[in-house]
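The values are calculated or read from the model by the stated rules, or taken from the named source; none is laboratory data. Everything numeric here is computed off the predicted structure, so don't read it as measured data. Heads up, the Cβs are rebuilt from the backbone with ideal geometry, glycines too, and the neighbour counts pull from every protein chain shown.
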Amino acid sequence: MKKTEYICQKCEYSTPSWLGRCPQCGGWNTFKEIASFPQKSTKKNESKSNNPQPLSLPDLFDQNYEIDRRIGTSLSEVDRVLGGGIVEGSLSLLSGDPGIGKSTLLLAIAAGIARQGKKVLYVSTEESLHQLFIRIQRFGFKPNPNLWFHSTDSYNDIESSIENLAPSLIIIDSIQNLSLDESDSMPGNIPLIRDLSSRFMEISKKKNIAIFLVGHVTKEGIVAGPRTLEHLVDVVLYLDGEAHHQLRVLRSVKNRFGSTQEVGLLEMKEEGLVELINPSQFFLVEKDVDNSSTARTVLAEGKRALLLEVQTLVNRSYFDYPRRVSVGFDVNRLHLLVAVIEKRLRLQFGQQDIYLNMAGGMKVTETTPDLAICFSLISSRLEKSLNKNTIYLGEVGLGGEIRPVHFFEGRIQEAARMGINQVITSQYHLQSAEKKVKGLKIIGYQTLHEAVQKEGLVQ
């Protein structure tokens, strides 16, 4: 008998009637009508008859499981994020904004694993085989008998292909467009996505096949569909970046087989996504380029440090309300730093437009660049040049104090590698850092006013 229920698209709360506001998560207009059909499944009965018995820890050691059995992707940046490669029998989820390069990245992974002699099945639910061929030709892929392609939106067709090919890796692009023959639910419905993800999990564990699922994102930037999808999979990856910039950042927000503190940096080119050989150099311009208000800092993305340029432009405003534009940095944080400068240094920005840009399309969420932004703003306001061989590391508090930053040793080591010879930071780092890197002068200040005064920007 047909059963109709309303399910919240955010938290999966279900109710027999429509509600304007979800009583569980508080979301408005999030309920969708779902028609579900009770299905009689024989798989549960089969699983009960083959119910595995629990094992003690000594017995588990006696099983001689192969530790760290992984498949390399041929992209070291991706392997870094995954913890050394794709674990056999794992279920991974890749998500990102439309057009960011999810399919391009997975095609590169598929081609790299196929070159190792392993069979790969790439299933597209959005593109025809002709469209896939055009993309493959553009990327310059060579014919490889281990790389198989399938264009379908039916899970049952995919299941048959898996039985016939027995691949080592399966890529589903994407799960939101899949349908199930025995279900009348529309593709993308929460119950259907939950059912499909459970079926793919069963395939990956029982057949020891690594599976990649592509997930769409909502306008809030989260994976569309049930939250159980992210809980069910072993690895959740996000591909981030600006569509008009070449930089792509691959982040892991969940990884059962490795750290979530690693990030992968890729560059979008005509031949697809390629690795950034020297990421810090990507964000820098030549030292002889005249850009007086550019300040340099070092970001910490996971366990790696990246040298970054902070660019600001302070100009006289011709409007009643001056503009505050920030690219790659929180504009509210920019307002805070401007207020600190005005209060502690008596330097007014009330009649000035302010434009802030993080070079290279990088999105910054940490507070380490605060000091570099302040120096850049003051430099642009007073039209005084900054030293290109100096980096600025420190969080600026409301009282104008310069606070220490985490991962300081890794940041200054990257700065020294890129030819930087001076670091301006919090006084806290003076004792611990000078012994770590030779040839690097570290200057510590307690307040922002003291720093800009002794560096000659203000009197």
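Brief remarks on what is shown
- Failed item, numbered, when Gly302 is tested on (1) at pLDDT below 90; (2) of a type outside the set (A, V, I, L, M, F, W, C); (3) not assigned by TED's automatic domain parsing to the domain that holds Met362: (3)
- Contacts under 9 angstrom Cβ, first residue in segment 159-182 being farther than 25 Å from Gly85 by Cα and not assigned by TED's automatic domain parsing to the domain that holds Asn208, partner surrounded by 20 or more Cβ atoms within 10 Å (Cβ to Cβ) and modelled with pLDDT under 90, 6 or more apart: none
- Residue match in segment 145-158 (condition: touching a Pro at 6+ places or on another chain (Cβ under 8 Å), under 12 Å from Ala111 (Cα atoms), crowded, with 18+ Cβ neighbours inside 10 Å and touching a residue at least 24 places away in the same chain (Cβ under 8 Å)): yes
- Applying the set (1) assigned to a strand (DSSP E or B); (2) closer than 16 Å to Val338 by Cβ; (3) of a type in the set (A, V, I, L, M, F, W, C) to Val423 leaves exactly one unmet item: (2).
- For segment 94-124, taking the residues that are among the polar types (S, T, N, Q) and part of a strand (DSSP E or B), the one that is nearest to Pro145 (Cα to Cα) is identified as Ser124.
- Filtering Tyr445, Tyr392 for residues that are under 14 Å from Leu307 (Cβ atoms), among the aromatic types (Phe, Trp, Tyr) and surrounded by 19 or more Cβ atoms within 10 Å (Cβ to Cβ) leaves a single hit, Tyr392.
- First in segment 184-208 and surrounded by fewer than 18 Cβ atoms within 10 Å (Cβ to Cβ), second anywhere and of a type in the set (Asp, Glu) and at pLDDT 90 or above, Cβ under 6 Å, 6 or more apart: Asn208/Glu88
- Segment 362-418, subset farther than 19 Å from Leu430 by Cβ, part of a loop (DSSP other than H, G, I, E, B) and aliphatic (A, V, I, L, M), residue modelled with the lowest pLDDT: Met362
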